[in-house]
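Inspection log for the structure reproduced underneath, given as structure tokens.
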Amino acid sequence: MPDALEVVGLHAGYGRILVVRDASLRVEPGEVVALLGSNGSGKSTLLKAVAGLLKPEAGAVRLFGKDVTGVPPERLVSNGLALVPEGRMLFGPLTVAENLALGAYATGHVQEVLERVLALFPVLSARLSQPASTLSGGEQQMLAIGRALMSRPRVMLLDEPSLGLAPRVVSDIFDVLDELRSEGIAVVLVEQDANLALKHADRGYVMRGGRIVMEGPAADLRRNDDVRLAYLGSWHGKEPTDADLES
Amino acid sequence: MSTADLLQFVASGLQNGAIYALMALGFTLVFASTGVINFAQGEFFMLGGMLVAAEVAAGVPLGLAVAGAVAATAAVGALIERFALRPARASGALTLIIITIGCSMLLKSAARHLFGPDERAVPAFSEGEPVAVAGAMVQRQVLWVVGLTLLAAVALTVLYRWTKLGLAMRACSVSHDAARIVGIDTARVVMASFALAGALGALAGAVVAPVTQTAYDVGARMGLKGFAAAVLGGLGDPVGAIVGGVVLGLLESGAVAFVSGTYKDAVALVVLLLVLVLRPQGIVGRHLGEKL
Ligand SMILES: Nc1ncnc2c1ncn2[C@@H]1O[C@H](COP(=O)(O)OP(=O)(O)O)[C@@H](O)[C@H]1O
Ligand SMILES: [Mg+2]
């Protein structure tokens, strides 16, 4: 069985500025892969290039063995890819219901999928006729994930879903993530909170200066001294405690 | 001034206002989905009138001629998007706006070559004497103008609110990147909004031609009026466009009634300048630059 997502030697950037260099990663169906790295290391750029928002300069992107390098994003959705982008990119003036309907724009509306999304995020049910811009930060993030799920993706790219959210909301969102995995969806998770991400991930990759400099099983990365120093320790302003690592 | 006179001015304000509203809708639809001000919008108006005149002269029944002119101008709008603007998409809003100015000049000279330099008449949509409406004597064609504008506004509302294309158009008016990641082919949506803008401009040009006559060079003046109305309505909001059109029409009538007919055409310019000075975000908004 081919990988759900396979990225090989990808180079991508903005105009003449090359940001991501020679990045390779793979995700199996039902696997959650964390993509770590400090601010500006190129994580979002890599996701944008995979999702087609940026045209790769070199390298290849394959979805279930099918080459989709350089395919525009509007055609990747029907190939099973969904991006929950940095900053969420909701349609603020449109209602929650319309945002969800737009999630199914390419693949067609299925009532059961909508019901499933509303079951995963019950708060959205009460807000269906409200403009998305009136939601709280946590609700907006749920809507962004819900909108992506409306296209029944088999590969999901999540860019910092916990950014700026209260811990309780974050834990709700990560519960949903665990459920997606159990349904066989492949997930690439970009996360500021490396500890949290590695807790929920099966494997992880670490980016630095646009390159992937480390990869391995999540448990190994959590114990790796370099990762702890560079990404776990610094983000919390302290070294992770043993309790952190055991939890 | 008598009440009857006043009503007469209101009626003529509404007639012009309806036409400006259609034009403003054309500007607004394109602006909402692209962030571009389409300076060829006035030529869509010109094409509507001139094509009907030419078709009627060639023996085409009037109703069919109007439908044909609207459809043909919609196609012109779509072609402009596809072959003049889309190849330059990456160059930013200002370049695209300049391209629309080029298209406008091209359409005007093409019309002059095809249809000649003379003024053309178009027969009224229905025969008969003016009718009395609330004390004002109104030409039957004015009822067509107002009626068809209302019909177009309702149709557009239905399209915008309740169809998949309308939903995609509203999504594009928020962000093209967001629209693309949910699977919307933004290029097709932009093309559709240009086609709609063409249809609306042509409808305005066709329905008012029996009242005003038409010629190859009527586009620029009407383009300015429609643009002023769109800006007055907040540029990008369809309801605002309709309100802006009607308000501009009534303001012009007021200027004619209370000041002098000489200043009628200056009203749109004054409105434009005032909005630019007092509410510049009405023009520049969050759209420009971020869009295409
Ligand atoms: N739209 C852009 N245009 C030019 N450079 C950009 C753009 N977005 C990000 N960058 C640059 O690319 C680098 C990586 O950014 P990004 O992929 O957002 O990193 P991360 O998501 O890991 O924080 C940064 O140096 C940033 O300045
Ligand atoms: Mg980022």
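Provide a whole-number value for the mean count of partner chain Cβ atoms within 10 Å of the Cβ atoms in peptide A:103-113.
On the way: counts 3, 2, 9, 5, 2, 0, 1, 0, 0, 0, 0.
Neighbouring Cβ atoms belonging to other protein chains average 2 per residue here.
What is the packing order of peptides B:241-248, A:70-77, taking the mean over residues of other C-beta atoms within 10 Å and listing the highest first?
The packing order, highest mean first, is B:241-248, A:70-77.
Please report how far the C-alpha centroid of region A:94-117 lies from that of region B:79-93, rounded to the nearest whole angstrom.
31
If amide hydrogens are placed 1.01 Å from N in the peptide plane, which non-local residues have theirs closer than 5 Å to the one on A:Leu5?
Those lying under 5 Å, H to H, from A:Leu5 are A:Val27, A:Phe64.
Output ³J(HN,Hα) for region B:227-238: one whole-Hz value per residue in order, computed from phi by the Karplus curve 6.51 cos²θ - 1.76 cosθ + 1.60 with θ = phi - 60°, and x for Gly and Pro.
Once θ is set to phi - 60°, the couplings for region B:227-238 become 5, 4, 5, 5, 5, 4, x, x, 6, x, 10, x Hz.
With an 8 Å Cα cut-off and a minimum separation of 6 or more residues, compute the relative contact order for region B:101-227 in percent. Intermediate results must be reported in sequence, preceding the final value.
Values: 85 pairs, mean separation 49.4, N = 127.
Relative contact order of region B:101-227: 39 percent.
Output the 0 to 90 degree angle, nearest 10, between the alpha-carbon long axis of helix B:3-34 and the longest principal axis computed from the alpha carbons of chain B.
Tilt relative to chain B: about 10 degrees.
Taking amide hydrogens as modeled 1.01 Å from N in the peptide plane, which residues meet the under 5 Å criterion relative to A:Met214, leaving out close sequence neighbours?
HN-HN under 5 Å from A:Met214: A:Val206.
Whole-Hz ³J(HN,Hα) for each residue in region A:189-200, computed from phi via Karplus 6.51 cos²θ - 1.76 cosθ + 1.60 with θ = phi - 60°, x for glycine and proline: what do you get?
Working through the residues one at a time gives 10, 8, 8, 5, 7, 4, 4, 4, 4, 5, 5, 9 Hz.
Report, as a whole number in µm² per second, the diffusion coefficient that Stokes-Einstein gives for region A:182-223 at 4 °C and 1.567 mPa s using the Kirkwood radius over alpha carbon pairs.
Values: Rh = 11.0 Å.
After rounding, the answer is 118 µm²/s.
Counting pairs of Cα atoms in region A:82-152, how many percent are more than 14 Å apart? All intermediate terms of the calculation are to be shown ahead of the outcome.
Numbers: 1220 of 2485 pairs.
It works out to 49 percent of all Cα pairs.
Partner chain Cβ atoms within 10 Å, averaged over the residues of A:132-145 - can you pull that number for me? Display every interim value, and only then the final one.
Details: counts 1, 1, 0, 0, 0, 0, 0, 0, 0, 0, 0, 0, 1, 0.
Per residue, the average neighbour count from other chains is 0.
Where does each of B:Trp144, B:Trp162 land when they are ordered by accessible area, with a 1.4 Å probe and the largest first? Present the calculation step by step, with values, prior to reporting the outcome.
Details: B:Trp144 95, B:Trp162 190 Å².
Accessible-area ranking of B:Trp144, B:Trp162, largest first: B:Trp162, B:Trp144.
Find the eigenvalues of the gyration tensor of the Cα atoms of chain B, then list the square roots of 5 times those eigenvalues as equivalent ellipsoid semi-axes, largest first, in whole angstrom.
Details: eigenvalues 182, 100, 62 Å².
Listed largest to smallest, the semi-axes of chain B are 30, 22, 18 Å.
Hey, what D do you get for the protein assembly as shown in µm²/s if you plug the Kirkwood alpha-carbon radius into Stokes-Einstein at 25 °C and 0.890 mPa s?
The estimated diffusion coefficient comes to 95 µm²/s.
Quote the accessible area belonging to A:Asp159 in square angstrom, nearest 10, computed with a 1.4 Å probe and with ligands, DNA and RNA left uncounted.
10
May I ask you to rank A:Tyr14, B:Tyr160, B:Tyr20 by accessible area, largest first, using a 1.4 Å probe over the protein chains only? Let's see the in-between values first.
Working: A:Tyr14 85, B:Tyr160 25, B:Tyr20 5 Å².
The ranking, largest first, comes out as A:Tyr14, B:Tyr160, B:Tyr20.
In what sequence, highest mean first, do A:196-205, B:198-207 appear when ranked by Cβ atoms within 10 angstrom?
B:198-207, A:196-205
What does the structure give for B:170-177 when I average, per residue, the other chain Cβ atoms found within 10 Å of the residue Cβ?
Averaged over the peptide's residues, the number is 5.
Whole number please: convex hull volume per residue, Cα atoms of region B:156-280, in Å³.
Dividing the Cα hull volume of region B:156-280 by its residue count gives 127 Å³.
For chain A, what does the relative contact order come out to in percent, with C-alpha contacts under 8 Å and a separation of six or more?
Working: 494 pairs, mean separation 63.7, N = 247.
Taking the mean separation of contacting Cα pairs over the length of chain A, I get 26 percent.
When the gyration tensor of chain A is built from Cα positions, what are the square roots of 5 times its three eigenvalues, in whole Å, from largest to smallest? The partial results should precede the final answer.
Numbers: eigenvalues 148, 103, 53 Å².
One finds semi-axes of 27, 23, 16 Å for chain A.
Which whole-number percent gives the relative contact order of region B:3-278, counting Cα pairs below 8 Å spaced six or more residues apart? Can you show the working numbers first?
Values: 480 pairs, mean separation 112.3, N = 276.
It rounds to 41 percent for region B:3-278.
How charged is the neighbourhood of A:Arg116? Take every other residue with its Cβ under 11 Å from the Cβ of A:Arg116, and add Lys/Arg as +1 and Asp/Glu as -1. Don't skip to the end; give the middle numbers.
Details: positive: A:Arg152; negative: A:Glu112, A:Glu115, A:Glu179, A:Glu183.
Residues close to A:Arg116 contribute a combined charge of -3.
Looking at the protein assembly as shown, send over the antiparallel percent of its DSSP beta bridges, to the nearest 5.
Looking only at bridges with both residues in the protein assembly as shown, the antiparallel portion is about 60 percent.
Put A:Thr69, B:Thr34, B:Thr212 in order of accessible area, largest first, 1.4 Å probe: what do you get?
Sorted descending by solvent-accessible area, the residues read B:Thr212, A:Thr69, B:Thr34.
Based on the mean of other Cβ atoms within 10 Å per residue, sort peptides B:168-176, B:35-43 so the most packed one is first.
Going from most to least packed, we get B:35-43, B:168-176.
Any idea what the alpha-carbon Rg over 2.2 N^0.38 Å comes to for region B:1-52?
Normalised by 2.2 N^0.38 Å, the Cα Rg of region B:1-52 equals 1.54.
Can you pull the semi-axes for region B:112-226, root of five times each eigenvalue of the Cα gyration tensor, sorted largest first, whole Å?
Values for region B:112-226, descending: 35, 20, 10 Å.
Is the shape of region B:20-169 best called rounded, prolate or oblate, per the rule: a/c under 1.5 gives rounded, else a/b larger than b/c gives prolate, else oblate, with a ≥ b ≥ c the square roots of the Cα gyration tensor eigenvalues?
oblate
Each residue of region A:75-84 in order: what ³J(HN,Hα) in whole Hz does its phi give by Karplus 6.51 cos²θ - 1.76 cosθ + 1.60, θ = phi - 60°, with x for Gly and Pro?
Values per residue, Gly and Pro as x: 9, 6, 4, 6, 8, x, 9, 9, 10, 9 Hz.
The values are calculated or read from the model by the stated rules, or taken from the named source; none is laboratory data. Values in this document were obtained by computation on a predicted structure and should not be read as measured data. Note: ideal-geometry Cβ built from the backbone for every residue, glycine included; neighbour counts use all protein chains shown. Remember, those area values only see protein heavy atoms, side chains included, never the ligands or the DNA or RNA. Shrake-Rupley method; radii C 1.70, N 1.55, O 1.52, S 1.80 Å.
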